[in-house]
1. Going by the conditions given, is Glu41 open to solvent by 50 Å² or more (accessible area, probe 1.4 Å), farther than 22 Å from Thr18 by Cα and either part of a loop (DSSP other than H, G, I, E, B) or acidic (Asp, Glu) (or both)?
2. List every residue pair whose Cβ atoms sit under 7 Å apart, with the two residues 6 or more apart in sequence or on different chains, where the first one lies in the stretch 103-131 and is at positive phi and the second, anywhere, is at pLDDT 95 or above and not in a strand (DSSP E or B).
3. Within the stretch 4-38, restricting attention to residues that are open to solvent by less than 30 Å² (accessible area, probe 1.4 Å) and of a type in the set (S, T, N, Q), which residue is nearest to Thr120 (Cα to Cα)?
4. Could you grab me the full set of residues in the stretch 83-97 that are of a type outside the set (Gly, Ala, Ser) and either part of a strand (DSSP E or B) or open to solvent by less than 50 Å² (accessible area, probe 1.4 Å) (or both)?
5. Here are the criteria: (1) open to solvent by less than 40 Å² (accessible area, probe 1.4 Å); (2) touching a residue at least 12 places away in the same chain (Cβ under 8 Å). Tell me which single one Asn71 does not satisfy.
6. What tally of residues in the stretch 98-115 results from selecting those that are open to solvent by less than 40 Å² (accessible area, probe 1.4 Å) and outside any strand (DSSP E or B)?
7. What are the residues in the stretch 61-81 that are more than 13 Å from the chain's Cα centre (by Cα) and of a type in the set (Val, Ile, Thr), if any?
8. Considering only residues of the stretch 116-131 that are open to solvent by 70 Å² or more (accessible area, probe 1.4 Å) and out of contact with any Phe, Trp or Tyr (no Cβ under 8 Å at 6 or more places or on another chain), which is farthest from Gln42 (Cα to Cα)?
Amino acid sequence: VDNKFTLQSKESLIYDATTGLYWQQGGSGSINYVNAQKYIEQLNIDKYGGYSDWRLPTLKEAMSLMEPNENNSNLYIDPIFNENQERIWTADKLSSILVWVVHFYHGHCDDGRIDKDKETNSVRAVRREQF
């Protein structure tokens, strides 16, 4: 994907003109899946960036951020994004206990367990541009 990222002034949002998606420039710290859901709920309650339709990305959306080469932070994501979110949860499940996780540190995706409190990844919330 040939992304066209623009940093928006409101709340550090990044708009991708290629996909029509708004992303958090940063996101959460490392949290389990239950708390990832609560994090999204709180963004919507707080109307983060002026919006209340934030969600976890699909696997396809999250992988659209993957770059073919490492940047200077050793991550496979555009350096416009915060480097603290090395692995992010997605909304796409493989089973009742497995969900896709995108690893920007290693440049791939893998499964993550949603039933384990100790399994933690970050959240980088997304929303679609409304027309």
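The values are calculated or read from the model by the stated rules, or taken from the named source; none is laboratory data. Just so it is clear, the structure is predicted and the values come from calculations on it, not from any experiment. A quick note on method: Cβ atoms are made from the backbone with ideal geometry, for glycine too, and the neighbour counts reach across all protein chains shown. Ligands, DNA and RNA are excluded from the accessible area calculation, which covers all protein heavy atoms including side chains. Shrake-Rupley method; radii C 1.70, N 1.55, O 1.52, S 1.80 Å.
1. Working: open to solvent by 50 Å² or more (accessible area, probe 1.4 Å): yes; farther than 22 Å from Thr18 by Cα: yes; either part of a loop (DSSP other than H, G, I, E, B) or acidic (Asp, Glu) (or both): yes.
Yes.
2. Gly107/Tyr76
3. Here the answer is Asn32.
4. Result: Gln85, Arg87, Ile88, Trp89, Thr90, Asp92, Lys93.
5. Of the numbered conditions (1) open to solvent by less than 40 Å² (accessible area, probe 1.4 Å); (2) touching a residue at least 12 places away in the same chain (Cβ under 8 Å), the odd one out for Asn71 is (2).
6. Counting residues in the stretch 98-115 that are open to solvent by less than 40 Å² (accessible area, probe 1.4 Å) and outside any strand (DSSP E or B) gives 3.
7. Correct list: Ile80 only.
8. Result: Phe131.
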